[in-house]
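What follows is a single structure, written as C-alpha cells, with notes after it.
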Protein chains: 2
Amino acid sequence: MVIDLSTVPVSQGTGYPAPFRTKVAGRSRQRVGNAAGLTNFGVNLTTLAPNAQSALRHWHSHQDEFIYVVSGELVLVTDVGETLLKPGMMAGFPARVADGHHLINRSNEISIYLEIGDRTPGDRAEYPDDDLLALPKAEGGYYFTQRNGQAY
Amino acid sequence: MVIDLSTVPVSQGTGYPAPFRTKVAGRSRQRVGNAAGLTNFGVNLTTLAPNAQSALRHWHSHQDEFIYVVSGELVLVTDVGETLLKPGMMAGFPARVADGHHLINRSNEISIYLEIGDRTPGDRAEYPDDDLLALPKAEGGYYFTQRNGQAY
C-alpha cells in the first residue's frame, strides 16, 4: 500500500527514563512501516529540529539499523568521530558491532531521514556515553536500567 | 558505517528462469545494506531504466517489503490497479497479503528507489501473472518452479 503521510501519526515519545528524555526532544517520527502493516521491520520517517538528536549514542546486540538522509544535514557520531551526512547519503549499523552511533542536527534547519530497524527478539542496546542499558521485555520493546541493573 | 556508493558493486543479475529474465533487464541494484554489513534485512538502491520493472508482480509469504522513491517516477501495479509514485513517496507490502506488486518505469528518465526486505526464513513468493513460484532453498535464497512444481 502507498503511504499517505497525512494520515500517519507524528510521535514525539521516547521510552528513555527521565534523565535522558531531553536529549531527544525535538525528534518526531512517523512510523511509516507500521502504517503499511509491516511487522518484521520498522521504517520511520524522522524529523530532527535544530540541536535535536536521533537517540543517545548506542549499539544493538541483535538488530541491524540503516538510515537514509532525505533532507537537511545530520552529523553522525561514532567511535571514529563525526561525519557530516547530506541528502542521499546512507549509513548502516550492523548488530553486535560495539561502536555506538547517533545523529545530531547541528544545522539551523530541520533534518529528515528514514530509519530502518528489524525486530529480532532478545535485542539489547548499550550506551557508551551514558549509564544506561536497554533490555528486552518478554512482550517486545525495552526496559531501561542503569549499567548495574538498578531501575531508574 | 557510512555508505560510499562508489565502492558498492552494481548488480544486474536475477535468479528468474530464462523465460522471465528479460522482464527485469534495465534494472540495476547496489546492495547498500550488505555493503554496511547488515544481515537481518537487505537494502538496495535500485535504478530502473525506462520500461524496466522492479520484478515480476509478486507477493511474499513471510517477508515484508518497503520502498522509497528517490528520483524519477514509478508506476506501482497491484490488484487495485496502477498508482504513480513520485520522489519522496513510499509504499509497503506486508508478508501474507496476497496482492502482487511491482514497479514499472513508464517514463523517459531513469528512476531510483530504495527497496528494503527482511530475510525471514521459509519465505516463498507467488506470481499472479506468471506460471512461476519462488521457493526457499535450505541455504537461503530461492529456487524457481512452475506452479505445478516442475522445474524450468
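Points to keep in mind about this one:
- Applying the set (1) more than 24 Å from B:PHE93 (Cα to Cα); (2) under 14 Å from the mean Cα position of the chain (by Cα); (3) more than 11 Å from chain B (Cβ to nearest Cβ) to A:THR47 leaves exactly one unmet item: (1).
- Tally of residues being of a type in the set (Asp, Glu) and in a helix (DSSP H, G or I) across segment A:1-48: 0
- Selection count, segment B:48-71, where residues are closer than 19 Å to B:SER6 by Cα and buried (at least 20 other Cβ atoms within 10 Å of the Cβ): 1
- Among residues of segment A:81-120, those that are part of a strand (DSSP E or B), of a type in the set (Gly, Ala, Ser) and touching a residue at least 40 places away in the same chain (Cβ under 8 Å), counted: 2
- Considering only residues in segment A:72-86 that are at the interface with another protein chain (Cβ under 9 Å from one of its Cβ atoms) and not β-branched (Val, Ile, Thr), the one that is surrounded by the fewest Cβ atoms within 10 Å (Cβ to Cβ) turns out to be A:LEU85.
- The residue list B:ARG147, B:ARG124 contains one member that is without any contact (Cβ under 8 Å) to a residue 40 or more places away in the chain and more than 10 Å from chain A (Cβ to nearest Cβ), which is B:ARG147.
- Look at segment A:21-43: where a residue is more than 7 Å from every other protein chain (Cβ to nearest Cβ) and a partner is part of a helix (DSSP H, G or I) and at pLDDT 95 or above, sitting 6+ places away or on another chain with Cβ atoms under 8 Å, you get A:GLN30/A:LEU5; A:ALA35/A:THR7; A:GLY42/A:GLY33; A:GLY42/A:ASN34.
- Inter-residue pairs, beta-carbon under 7 Å, first more than 14 Å from chain A (Cβ to nearest Cβ) and in segment B:1-13, second assigned to a loop (DSSP other than H, G, I, E, B), 6+ apart: B:SER11/B:ARG31
- Some residue of segment A:24-47 being at pLDDT below 95 and surrounded by 19 or more Cβ atoms within 10 Å (Cβ to Cβ): yes
- Some residue of segment B:56-78 being in contact (Cβ under 8 Å) with a residue 24 or more places away in the chain, part of a loop (DSSP other than H, G, I, E, B) and within 16 Å of B:LYS23 (Cα to Cα): yes
- Unique residue being among the polar types (S, T, N, Q) and within 14 Å of chain A (Cβ to nearest Cβ) when the list is B:SER61, B:SER111, B:SER54, B:SER107: B:SER61
The values are calculated or read from the model by the stated rules, or taken from the named source; none is laboratory data. Source: prediction; values computed, not measured. Every residue, glycine as well, gets a Cβ built from its backbone with ideal geometry; the counts of neighbours run over all protein chains shown.
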